[in-house]
Amino acid sequence: MKKEYSYGAVVYQIKDGIPLYLIEHMHLGHTSLPKGHIEEGETPLQCTLREIKEETNLDVDVDMSFAHLISYSPKPGVIKDVTFYLATPKTFDLKPQLEEVTSMEWKPYDEALDLLTYDTDKNTLRDANLAVRKKHGLK
């Protein structure tokens, strides 16, 4: 069994006391969170920063104290582990990586949850939303 590793983040900002989450609409037809394969010699943090920059054009601060792991089989004989952290933007000039991403948008939790395609991403967002609300003292 081949093992693959990817890293990404639930990217969020707080606007008027409401967390907004960055959702990506992908060329393959699904809606997801920013993530991607680790490259040789990269740390998980370097991979996360690179993937978010490549896919969204955002520079972010990553909070690795939140880590949500999902595992799935993208094809026969392969198990993929994806670890998501939390991230907040330092820049706000969104530009989708046109090879992979058709568009992106900031959405409140309920709308973001409804838009995500896969249950694994929905579970990641649920856990992240709880962590964000706790971190920022939001109900």
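The values are calculated or read from the model by the stated rules, or taken from the named source; none is laboratory data. Keep in mind it's a predicted model, so treat the numbers as computed, not measured. Note: ideal-geometry Cβ built from the backbone for every residue, glycine included; neighbour counts use all protein chains shown. These area figures cover heavy atoms from the full protein model, side chains too; ligands, DNA and RNA do not enter into them. Shrake-Rupley method; radii C 1.70, N 1.55, O 1.52, S 1.80 Å.
Scanning the stretch 5-35 for residues that are open to solvent by less than 10 Å² (accessible area, probe 1.4 Å), farther than 16 Å from Asp63 by Cα and in contact with a Pro (Cβ under 7 Å, 6 or more places away or on another chain) yields a single hit, Glu24. Being within 11 Å of the chain's Cα centre (by Cα) and among the hydrophobic types (A, V, I, L, M, F, W, C) holds for only one residue in Leu69, Leu94, Leu98, Leu86, and it is Leu86. Set side by side, the residues Asp114, Asp119 differ, and just one is charged (D, E, K, R) and either touching a residue at least 12 places away in the same chain (Cβ under 8 Å) or within 15 Å of Leu22 (Cα to Cα) (or both), which is Asp114.
If the condition is being out of contact with any helix residue (DSSP H, G or I) (no Cβ under 8 Å at 6 or more places or on another chain), open to solvent by 50 Å² or more (accessible area, probe 1.4 Å), within 26 Å of His27 (Cβ to Cβ) and touching a residue at least 12 places away in the same chain (Cβ under 8 Å), then the stretch 87-111 contributes Phe92, Asp93, Glu99, Thr102, Glu105, Trp106. Among the residues of the stretch 60-79, those identified as in a loop (DSSP other than H, G, I, E, B) and either open to solvent by 60 Å² or more (accessible area, probe 1.4 Å) or free of Cβ contacts under 8 Å to residues at least 12 places away in the same chain (or both) are Ser73, Pro74, Lys75, Pro76. Across the stretch 18-37, the number of residues qualifying as within 20 Å of Leu130 (Cβ to Cβ) and at pLDDT below 95 comes to 0. Look at the stretch 36-52: where a residue is loosely packed, with under 15 Cβ neighbours inside 10 Å and a partner is charged (D, E, K, R), sitting 6+ places away or on another chain with Cβ atoms under 8 Å, you get His37/Glu4; Glu39/Arg50.
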